[in-house]
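Presented below is the structure to which this report refers.
The values are calculated or read from the model by the stated rules, or taken from the named source; none is laboratory data. On a predicted model such as this, the values are computed, not experimentally measured, just so you know. All Cβ positions, glycine included, derive from the backbone under ideal geometry; neighbour counts span all protein chains shown.
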Amino acid sequence: MSDQELLDRIVLDPKVMVGKPVVRGTRLTVDFLLGLLAHGQTVEEILEEYRGLAREDVQACLLFASRSLASTEFATFRLQTA
């Protein structure tokens with residue numbers, strides 16, 4: 001599946017979840033699904049819990065996050081110690 005086909009699975013609609021990016025046809029936000037992965041749930045566990053979700057939807061969330069971060073600049077700073 002191409003990057004664009006994956007990204008087409010993610011939609012932003014101000015009427016759904018206050019405009020947060022969600023998996024098309026669901027109310028599952030990208031940040032929610034990434035949070036599940038970050039806290040140790042496997043893709044298989046997520047797919048079992050959310051039966052309407054496809055493996056490609058999870059891949060789309062990862063790609064969306066990756067692309068979003070790639071276009072973000074971060075300022076680095078150092079904490080002052082006494």
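Numbers at a glance
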{"quantity": "Filter result for Gly35 (of a type outside the set (Phe, Trp, Tyr), at pLDDT 95 or above and loosely packed, with under 11 Cβ neighbours inside 10 Å)", "calculated": "no"}
{"quantity": "Odd one out for Leu69 among (1) assigned to a helix (DSSP H, G or I); (2) surrounded by 10 or more Cβ atoms within 10 Å (Cβ to Cβ)", "calculated": "(2)"}
{"quantity": "Single residue of the range 1-16 satisfying the filter (not in a helix (DSSP H, G or I) and not hydrophobic (A, V, I, L, M, F, W, C)) that is surrounded by the most Cβ atoms within 10 Å (Cβ to Cβ)", "calculated": "Arg9"}
{"quantity": "Total residues in the range 17-62, condition part of a helix (DSSP H, G or I) and either in contact (Cβ under 8 Å) with a residue 40 or more places away in the chain or under 12 Å from the mean Cα position of the chain (by Cα) (or both)", "calculated": "16"}
